[in-house]
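The block underneath contains the structure these notes are about, expressed in structure tokens.
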Amino acid sequence: MFLGRLRCAALFRSSVCLAARDAYSVMGLERSASPQEVKARFRVLAKQYHPDLNTDRNASLKMAELTSAYDTLMDPKRRAALDQATAGASAGAGGYTGGFPNFENDEWVSPSQMFSEFSDLFGRNSQFRQPDSTAARGEDVSTNVEISFLEAAQGCEKMISLRLKQTCPDCRGSGAREGTTWSKCRVCKGTGVQRKEQGILSMGMPCQRCRSRGVVLDHPCRGCNGESTRMMPREIRVNVPAGVRNLMELRVPGAGHAGCHGGKAGHLFVQVKVLPHERFRLLENDVHLDVPLTLREALLGGEVSIPTLEGSSERLVIQAPAQPGATTVLRGRGPPRPAGGRGNLVLHFLLQLPRSLSNRQVELIEEFDDLSRTKATSAP
Ligand SMILES: [Zn+2]
Ligand SMILES: [Zn+2]
């Protein structure tokens with residue numbers, strides 16, 4: 001239980017209802033930043049918050065926020081929409097200089113591609129052997145998951161069903177039929193390069209027979225046609241960190257398609273869709289809640305029940321008089337913030353008036369009003 005300490009505050013329900021923190025401030029970039037600058041900045045920040053390297057509790061949340069911001073700033077349409085939304089809001093402050101960079105000639109690099117670069121950089125997955133020229137990295141997979149507002153605030157675990165390329169159980173990933181194995185390609189003698197002599201010229205061509213692998217399968221596995229992987233259903237457990245925001249993207253390393261012939265697996269990217277709550281609203285880092293009061297509760301005080309982000313309810317003591325529009329801030333009772341710490345739970349008191357009045361109620365209100373006037377005029 002906590003005491004309702006009422007503060008009469010101006011009712012400034014923020015008119016800038018940006019669902020998430022501004023992508024520019026998330027990445028610490030100027031509005032005029034070029035795609036190259038966005039990319040460079042993302043590299044620096046992602047290395048700092050990469051969950052493989054940063055064991056801080058909030059790192060995965062911060063990483064998800066960064067990935068979403070990067071996605072927004074590298075997507076010309078989404079960036080233009082963001083600039084337009086913020087231009088209206090900050091026009092008075094003169095923060096917006098207008099004009100966004102030209103994307104025409106810039107190559108967009110997906111965050112998943114970035115992560116792949118990092119994993120190579122950090123030597124992750126090095127347990128996978130890949131000197132073999134037949135090995136190929138598995139593709140990344142993107143999917144999405146819907147979670148409730150409270151699940152986002154508390155963090156949750158979700159099982160996701162996907163069809164993914166996985167190591168073929170028939171050949172255990174060798175690609176060869178049982179009892180057989182790969183053999184050296186006779187055409188290129190295992191070099192992968194086919195030499196063609198034309199007069200005095202000798203030309204090297206990629207070997208057609210073994211597709212430059214240098215080895216061939218005379219008897220490919222029937223289960224996977226020698227590919228070593230097969231599409232199969234798989235359940236993946238995804239840990240959604242507390243404080244995740246709508247449209248943030250989580251990465252599950254190595255949970256994408258399996259690589260071929262010993263290549264490392266791709267990653268799984270899960271975009272989180274947070275469903276709205278019927279009472280809680282997220283604004284920036286705080287959660288706002290309307291608390292309707294009856295005339296009696298507002299004038300005389302009392303106790304009301306309010307829902308909490310923990311999914312339970314609490315008794316809140318209302319101290320009289322509670323002005324409609326007043327707010328109470330419950331510090332640290334909001335969701336975790338990507339930057340660390342927790343946001344607040346902000347209560348907005350509303351006056352709930354009856355839809356109709358009986359004759360008796362009308363009489364009493366009139367009498368009440370008369371008394372208020374008398375009191376006002378007789379006051380010294
Ligand atoms: Zn097989
Ligand atoms: Zn060959």
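The values are calculated or read from the model by the stated rules, or taken from the named source; none is laboratory data. All figures in this text were calculated on a predicted structure; none of them were measured in a lab. Neighbour counts are summed over all protein chains in view; Cβ atoms, including those assigned to glycine, are modelled from backbone coordinates with ideal geometry.
Going through (1) within 16 Å of ligand 2 (Cβ to nearest atom); (2) on the phi > 0 side of the Ramachandran plot one by one, Arg186 falls short only on (2). Every condition in (1) more than 16 Å from ligand 2 (Cβ to nearest atom); (2) in contact with a Phe, Trp or Tyr (Cβ under 6 Å, 6 or more places away or on another chain) holds for Asn246 except the one numbered (2). Assess whether Ser161 counts as being within 16 Å of ligand 2 (Cβ to nearest atom), in contact (Cβ under 8 Å) with a residue 24 or more places away in the chain and assigned to a strand (DSSP E or B). So Ser161 fails the test. So in the stretch 175-192, with the set limited to residues that are within 13 Å of ligand 1 (Cβ to nearest atom) and among the hydrophobic types (A, V, I, L, M, F, W, C), which one is modelled with the lowest pLDDT? Looking at residues that are within 13 Å of ligand 1 (Cβ to nearest atom) and among the hydrophobic types (A, V, I, L, M, F, W, C), I get Trp182.
Could you tell me whether Thr55 is modelled with pLDDT of 65 or more and loosely packed, with under 12 Cβ neighbours inside 10 Å? Spelling it out, Thr55 is indeed modelled with pLDDT of 65 or more and loosely packed, with under 12 Cβ neighbours inside 10 Å. With respect to Leu282, is the statement that it is crowded, with 22+ Cβ neighbours inside 10 Å, away from ligand 1 (no atom under 16 Å from the Cβ) and within 30 Å of Gln323 (Cβ to Cβ) true? Against the criterion (crowded, with 22+ Cβ neighbours inside 10 Å, away from ligand 1 (no atom under 16 Å from the Cβ) and within 30 Å of Gln323 (Cβ to Cβ)), Leu282 qualifies. Number of residues in the stretch 222-250 that are within 16 Å of ligand 1 (Cβ to nearest atom) and in contact (Cβ under 8 Å) with a residue 12 or more places away in the chain equals 10.
The residues of the stretch 252-279 that are of a type in the set (D, E, K, R) and surrounded by fewer than 22 Cβ atoms within 10 Å (Cβ to Cβ), listed by number, are Lys273, Glu278, Arg279.
Here the stretch 28-49 is the region considered, the condition is being part of a helix (DSSP H, G or I) and polar (S, T, N, Q), and the residue that is surrounded by the most Cβ atoms within 10 Å (Cβ to Cβ) is Gln48. Taking the stretch 197-211 as the range and being at pLDDT 85 or above and not in a strand (DSSP E or B) as the test, the residues that pass are Cys207, Gln208, Arg209, Cys210. When Gly192 is tested against (1) at positive phi; (2) surrounded by fewer than 17 Cβ atoms within 10 Å (Cβ to Cβ); (3) near ligand 2 (Cβ under 8 Å from one of its atoms), only condition (2) is not met.
Within the stretch 193-221, the residues that satisfy the criterion of being of a type outside the set (A, V, I, L, M) and within 16 Å of ligand 1 (Cβ to nearest atom) are Asp218, His219, Pro220, Cys221. The number of residues in the stretch 195-233 that are loosely packed, with under 15 Cβ neighbours inside 10 Å and either of a type in the set (Lys, Arg) or under 30 Å from Lys273 (Cα atoms) (or both) comes to 8.
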